[in-house]
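Quick notes on the structure that follows.
The values are calculated or read from the model by the stated rules, or taken from the named source; none is laboratory data. This is a predicted model, so every value here is computed, not measured. Every residue, glycine among them, receives a Cβ derived from its backbone with ideal geometry; neighbour counts consider all protein chains shown. Side chains are part of the model used for accessible areas, which takes the heavy atoms of the whole protein and leaves out ligands, DNA and RNA. Shrake-Rupley method; radii C 1.70, N 1.55, O 1.52, S 1.80 Å.
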Amino acid sequence: MRAVESASPLAQDSPSWRYRRSTRQVLRMSAVHLALVATGFLFLLPLLWMVSTSLKSLTQQAAWPPEWIPQPFVWRNYPDAAAFLPLVRYTLNSLTITVLFVIGTLLSCPLIAYAFARIRFPGRDFLFIVLIATIMLPGVVRLIPTYLMFRQLGFLNTYLPMVLPAFFGSPLFIFLLRQYFRTFPEELADAARMDGASEIGILYRIFMPMSGPALAVITIFAVQSQWNDFVDPLIYLNKERMRTLAVGLYYFRAYQDTTNWGQMMAAATMMTAPILILFALFQRYFIQGVALTGMKG
């Protein structure tokens, strides 16, 4: 009888029932948020330890138990790390490669994605399946043939092996943009065609201005992939003056008789900071773009 009363409309409209329901919802959401905060803190631990170590002296680095908050802060590790290796030069090299890669990505990927999303041509679906299949191909499989190709072209010790592929499109970024372009109503493009707009005009005058979140997603991914890339610069760039930050950190340890972890973590912090700042600036667009490009599943 009590179960019947609790399920009746009158019981559900009672203040006590609404109070119990709101209490359960609050408890459920609190548990979810606590779990997310705990998981996020676990992911932040390595970053916090890196920053903490970058501000320690040699004695503090060897202390046991470890000290999370250095006393005092050794800010000298940062200028010493920048002076030990030409980190400014390495930073400019990484910045050059990253900027050119992003430019190539933003020029090529929207064109290809628009064609797959809005233009009907024979074999479109088959070609798109082939494109998606290349995402599952490990990079190490392509490493040797790609190296031999660029060596035959005479591109070794240049930035072209890292930059040139971006101007031909990235499968992952094409897929993300295609998914985003398909969310636009077809009537929008039809109205533009009736006004005499070409497909290029529709892309750059209508679709691109409305695709800020998706473009922010691929920009952040492109910057992150090139800024942190270690394998390609190590293989293709043999001259010291052309090294990137990722390769420079490797040689930072190799050139020291005894590794100074404070200076090394200071250099790593300086390398990580631009990515964190970029994500903080575009966080709102990044989350919105991830939600609309089909990545959240």
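If you place +1 on the Cβ of every Lys and Arg and -1 on the Cβ of every Asp and Glu, how big does the dipole about the Cα centre of the stretch 77-293 come out, in debye to the nearest 20?
Magnitude of the dipole: close to 220 debye.
Taking the Cα centre of the chain as the origin and placing charges on Cβ (Lys, Arg +1; Asp, Glu -1), which of Ile174, Phe43, Gln25 is farthest toward the positive end of the dipole?
So the residue we want is Gln25.
Taking only complete DSSP H runs, can you tell me which helices of the chain stretch 18 Å or more along their own long axis by Cα positions and average at least -1.0 on the Kyte-Doolittle scale?
15-53, 87-118, 139-152, 212-227, 261-281
Under unit Cβ charges (Lys, Arg +1; Asp, Glu -1), what dipole magnitude, rounded to 20 debye, does the stretch 56-170 have relative to its Cα centre?
300 debye
Roughly how many percent of the accessible protein surface of the stretch 96-143 is carbon and sulfur, given a 1.4 Å probe and a whole-percent answer?
That fraction is 79 percent.
Can you give the accessible area per residue of the chain, in Å², using a 1.4 Å probe?
On a per-residue basis, the chain sits at 61 Å².
Can you give the net charge of the other residues whose Cβ lies under 13 Å from the Cβ of Val247, counting K and R as +1 and D and E as -1?
Every neighbour counted, the sum reads +2.
Express the relative contact order of the chain as a whole percentage, based on alpha carbon pairs under 8 Å and six or more residues apart in sequence.
29 percent
Please identify, among Pro145, Pro70, Pro171, the residue showing maximal mean-square fluctuation in a Gaussian network model of the chain using a 10 angstrom Cα cutoff.
Sorting by GNM fluctuation, first place goes to Pro145.
When semi-axes √(5λ) of the Cα gyration tensor in Å is calculated directly from the model, which label among (1) 29, 25, 15; (2) 33, 23, 19; (3) 42, 37, 16 fits?
The value computed from this structure is option (3).
For the stretch 77-293, with the dipole built from +1 on Lys and Arg beta-carbon atoms and -1 on Asp and Glu ones, taken about the Cα centre, which of Ala216, Phe128, Ala189 lies farthest toward the positive end?
Positive-most Cα among the choices belongs to Phe128.
Towards the positive end of the charge dipole of the chain, with charges on Cβ (+1 Lys, Arg; -1 Asp, Glu), say which of Ala117, Asn157, Ala83 has the farthest Cα.
After comparing all options, I get Ala117.
Name the residue, out of Ile144, Ile135, Ile112, whose mean-square fluctuation peaks in a Gaussian network model built on the chain with Cα pairs under 10 Å.
Maximum among the listed residues: Ile144.
Could you give the dipole magnitude of the stretch 17-110 about its Cα centre, charging the beta-carbon of Lys and Arg +1 and that of Asp and Glu -1, in debye to the nearest 20?
That gives the stretch 17-110 a dipole magnitude of about 780 debye.
Using heavy-atom solvent-accessible surface (probe 1.4 Å) with all chains present, what is the largest-first order of Met136, Met265, Met210, Met162?
Met136, Met210, Met265, Met162
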